[in-house]
Amino acid sequence: MYEYIKGKLAETTPTYAVVDCGGVGYYINISVNTYSKISTATEVCLYVHLIVREDAHLLYGFYSKEERALFRQLISVSGVGANTAGVMLSSMTTGEIVNAIVTENVNAIKSVKGIGLKTAQRVIIELKDKVGAAGAAGEPVFAANTIRDEALSALVMLGFVKAQASKVLDKIIAGGGVSSVEELIKLALKQL
């Protein structure tokens, strides 16, 4: 029903944001990954997914269309609700989730709070073909994630704080144009 909500960021926490659109404040549930991208912004554009229940109409907002698409795929799996999908997207990046599904890494998915062995296996079985068949949308996320993970490991081994290095790498990858691990590390070292 709604594609996105764009407006002034009135309030933000790691779990929700309030976006003011012409005098109306929309309460939007967000992931920690989305929070990290919008926390310092004054104007935001969040791609939304509306869930209508008997007792509430809930908006879930995402920084990118890819994150929203993955959220929609996750909630299509039996046993994975909106809250669980939100926890997954907060615990792991979109690329890490896609990577875990494609490589059938049950332990990575099971490490998310609230997901047991059977649910993790169900996520992999039901989504492996969907995220693997995403083609242009799925493969670059997987490739960029591999380069990012290698660069992050190298930076941590060099003594940098993992969280800080991770933020810098995400910022560089979002800018685009990085084709190798070495190039990514060099650019990150300039910013750390």
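Kindly establish whether Ile51 is touching a residue at least 24 places away in the same chain (Cβ under 8 Å), of a type outside the set (D, E, K, R) and in contact with a Lys or Arg (Cβ under 6 Å, 6 or more places away or on another chain).
Values: touching a residue at least 24 places away in the same chain (Cβ under 8 Å): yes; of a type outside the set (D, E, K, R): yes; in contact with a Lys or Arg (Cβ under 6 Å, 6 or more places away or on another chain): no.
So Ile51 fails the test.
Within the stretch 26-38, which residues are of a type outside the set (A, V, I, L, M) and surrounded by 14 or more Cβ atoms within 10 Å (Cβ to Cβ)?
The first filter runs over the stretch 26-38 and keeps only residues of a type outside the set (A, V, I, L, M), leaving 26-27, 29, 31, 33-37.
Tyr26, Asn29, Ser31, Asn33, Thr34, Tyr35, Ser36, Lys37 - these are the residues of the stretch 26-38 that are of a type outside the set (A, V, I, L, M) and surrounded by 14 or more Cβ atoms within 10 Å (Cβ to Cβ).
Within the stretch 89-192, which helices (runs of 4 or more DSSP H) (wholly inside it) include 2 or more residues that are farther than 30 Å from Ser78 by Cβ, of a type outside the set (Phe, Trp, Tyr) and modelled with pLDDT under 85?
Counting at least 2 such residues, we get 138-157, 162-175, 181-191.
Regarding Tyr47, is this residue open to solvent by 70 Å² or more (accessible area, probe 1.4 Å) and within 11 Å of Leu59 (Cα to Cα)?
no
Scan the stretch 1-14 residue by residue and report those that are in a loop (DSSP other than H, G, I, E, B), open to solvent by less than 90 Å² (accessible area, probe 1.4 Å) and either touching a Leu at 6+ places or on another chain (Cβ under 6 Å) or not charged (D, E, K, R) (or both).
Of the stretch 1-14, the ones in a loop (DSSP other than H, G, I, E, B) are 1-3, 13-14.
Filter once more, so that each one left must be open to solvent by less than 90 Å² (accessible area, probe 1.4 Å): 3, 13-14.
Answer for the stretch 1-14, where residues must be in a loop (DSSP other than H, G, I, E, B), open to solvent by less than 90 Å² (accessible area, probe 1.4 Å) and either touching a Leu at 6+ places or on another chain (Cβ under 6 Å) or not charged (D, E, K, R) (or both): Thr13, Pro14.
What is the number of the single condition among (1) free of Cβ contacts under 8 Å to residues at least 60 places away in the same chain; (2) open to solvent by less than 40 Å² (accessible area, probe 1.4 Å) that Thr103 does not meet?
For Thr103, the failing item is (2).
The values are calculated or read from the model by the stated rules, or taken from the named source; none is laboratory data. Owing to the predicted nature of the structure, the values given are computational and were not obtained by experimental measurement. Neighbour counts run over all protein chains shown; Cβ positions are idealised from the backbone, glycine included. Please note that ligands, DNA and RNA were not included when accessible areas were found on the heavy atoms of the full protein model with its side chains. Shrake-Rupley method; radii C 1.70, N 1.55, O 1.52, S 1.80 Å.
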